[in-house]
Amino acid sequence: MKVLFYFLILPGFLFTAAAGLLSSWIDRKVTARVQWRVGPPFLQPLIDIVKLLGKETILPSTANKITFLLSPVIGLVGITLVSTLLWIMDANPNASFIGDLIVVLYLLAIPSISVIMGGFSSGNPIASIGASREMKLLLSYELPFILAILVPVIKSGGLIKIGQLLNYQAHNGVFAGSASGAIALVVAIICMQAKLALVPFDMPEAETELIGGPIIEYSGTVLAMYKLTRAMMLFTLPVFLVIIFIGGIELAFPAAIWGILKIVGLLVIIILIRNTNPRLRIDQAVKLFWGPITGLAVLAVVLAFLGK
Amino acid sequence: MSIKLKALLKSPWVFHLCSGSCNNCDIEILDCITPRYDIERFGMLLVGSVRHADVLLCTGIVNKLGESRVKRIYNQTPKPCLVVAVGNCANSQGVFRGSYACGKPLDQVIPVDIYIPGCPPKPEAIILGVVKLIEKIKGKKK
Ligand code: SF4
């Protein structure tokens, strides 16, 4: 019962969905202000979701029906699990279990995988191209991302529980304060941008060439699920980085404001990167991640071993 | 009014369907999303896939080859959806009337909800047209 409550309501689905929609409003509003526009009203993301829930869901005749309908659900469940785990551990670091960091890393890949499944199962050639690009992107950013996450583990002397990492940071200062931690944070932010499939790494969706990519055939409720997953990721990934690198979010009253500021700060960085960069080609993105970014991540790992 | 319709009117995602226009109307439609007019204020977004669309902005005479495609695109749109005919061409075939390429006018191919005249209509006129469409639907359902 308690687990269900955690999963569905408080740190889980409802809370993350509300926070995610709020972040996606911040995203759209800041984007609009950067472009000297007024931007959408506050409730716009919620209205979009409600509208999509009320629309007809079309099943393309070429699609594999079960996979087509199931993949958005998988993505939504994956990101909800991540968020639940992260918040429970943030509230109570002792609730952590061995290897939860690895579990979270795996679960974070699930939304991308659900997009790939949905794209391939919809039987649309453009969706297939988008899905194949998403797959290449996943393969390219996963290596530096994991290397960057390795840095806090090494620096704390092999702690692999998220709760322990939080406790370590509470006593010894945040990881982002050291040279290796700062470099790892930069790498992780760039990988996060790719995980969210935002410009400059939005080639799977590329509105101007692939007109929506993997989700091109989705409509109505299933599209709403994808939009919601996207919004929830926009909130959950900054939370993950804040917990791993910048010391987590304290849930007491005045300290919580500082925690929220950390999340919003990361969010604004994401939005500014997205608004000031052109889209890369997929081969350029793979080169970028496997070349310079992995190099930086390796440098951070080496520095962490040296104790810097 | 049902919550479904209310949400639809507050976040109409627009798909841009061009069939045999001279491309001038299309440029005026794109003007609507520039900072000067910024239709995202009303929750409107230009979407690339017709499956995501709520409003079809149709421009151009529907020529003989395009006719079946326009019909197919209308059928591919998830309902409820609205159709707006932008420009004289889409309203009444405009200057192309009587040309060998002209088939039936748009409103005989798919049901049209509102007509926006002009060759091309100004962005203000397009926004006004959509506002009138929203008012019309609100009035109908009251
Ligand atoms: S109405 Fe005028 S501007 Fe618009 S497509 Fe027709 S000819 Fe071109």
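Considering the stretch A:15-29 alone, what residues qualify as being within 13 Å of chain B (Cβ to nearest Cβ) and open to solvent by 30 Å² or more (accessible area, probe 1.4 Å)? Once the filter is applied, which keeps residues that are within 13 Å of chain B (Cβ to nearest Cβ) and open to solvent by 30 Å² or more (accessible area, probe 1.4 Å), the stretch A:15-29 yields A:Trp25, A:Arg28, A:Lys29.
Take A:Lys55 and decide whether it is within 8 Å of chain B (Cβ to nearest Cβ), touching a residue at least 12 places away in the same chain (Cβ under 8 Å) and within 21 Å of B:Lys4 (Cβ to Cβ).
Numbers: within 8 Å of chain B (Cβ to nearest Cβ): yes; touching a residue at least 12 places away in the same chain (Cβ under 8 Å): yes; within 21 Å of B:Lys4 (Cβ to Cβ): yes.
Criteria met by A:Lys55.
Return yes when B:Leu9 is within 16 Å of the ligand (Cβ to nearest atom) and within 24 Å of B:Lys122 (Cβ to Cβ) and no when it is not. In short, no.
The single condition among (1) at pLDDT below 90; (2) within 29 Å of A:Leu299 (Cα to Cα) that A:Ile129 does not meet is (2). When the stretch A:242-296 is examined, which residues are found to be open to solvent by 70 Å² or more (accessible area, probe 1.4 Å), over 30 Å from A:Ile88 (Cβ atoms) and of a type in the set (A, V, I, L, M, F, W, C)? Result: A:Leu272, A:Trp290. Inside the stretch B:113-124, residues that are within 15 Å of the ligand (Cβ to nearest atom) and either at pLDDT below 85 or open to solvent by less than 30 Å² (accessible area, probe 1.4 Å) (or both) make up a count of 4. The residues of the stretch A:262-281 include none that are over 18 Å from the mean Cα position of the chain (by Cα) and assigned to a helix (DSSP H, G or I). A single entry from B:Arg51, B:Arg41 fulfils the requirement of being open to solvent by 20 Å² or more (accessible area, probe 1.4 Å), of a type outside the set (Val, Ile, Thr) and more than 22 Å from A:Ile58 (Cα to Cα): B:Arg41. Checking each residue in the stretch A:61-83 for being more than 21 Å from A:Tyr218 (Cα to Cα) and open to solvent by 10 Å² or more (accessible area, probe 1.4 Å) picks out only A:Leu81.
Rundown of residues vs (1) more than 13 Å from chain A (Cβ to nearest Cβ); (2) under 14 Å from B:Cys18 (Cα atoms); (3) surrounded by fewer than 17 Cβ atoms within 10 Å (Cβ to Cβ), yes/no style:
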site	(1), (2), (3)
B:Thr59	yes, yes, no
B:Val70	yes, yes, no
B:Cys81	no, no, no
B:Ala85	yes, yes, no
B:Asn88	yes, yes, no
B:Asp107	yes, no, no
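Counting the residues of the stretch B:92-112 that are out of contact with any helix residue (DSSP H, G or I) (no Cβ under 6 Å at 6 or more places or on another chain), part of a helix (DSSP H, G or I) and within 14 Å of the ligand (Cβ to nearest atom) gives 3.
The values are calculated or read from the model by the stated rules, or taken from the named source; none is laboratory data. Everything numeric in this text was worked out from a predicted model, so none of it was measured. Methodologically, a virtual Cβ is constructed for each residue, glycine included, from the backbone with ideal geometry; neighbour enumeration extends over all protein chains shown. In case anyone asks, the SASA skips ligands and DNA or RNA and just uses the protein heavy atoms, side chains included. Shrake-Rupley method; radii C 1.70, N 1.55, O 1.52, S 1.80 Å.
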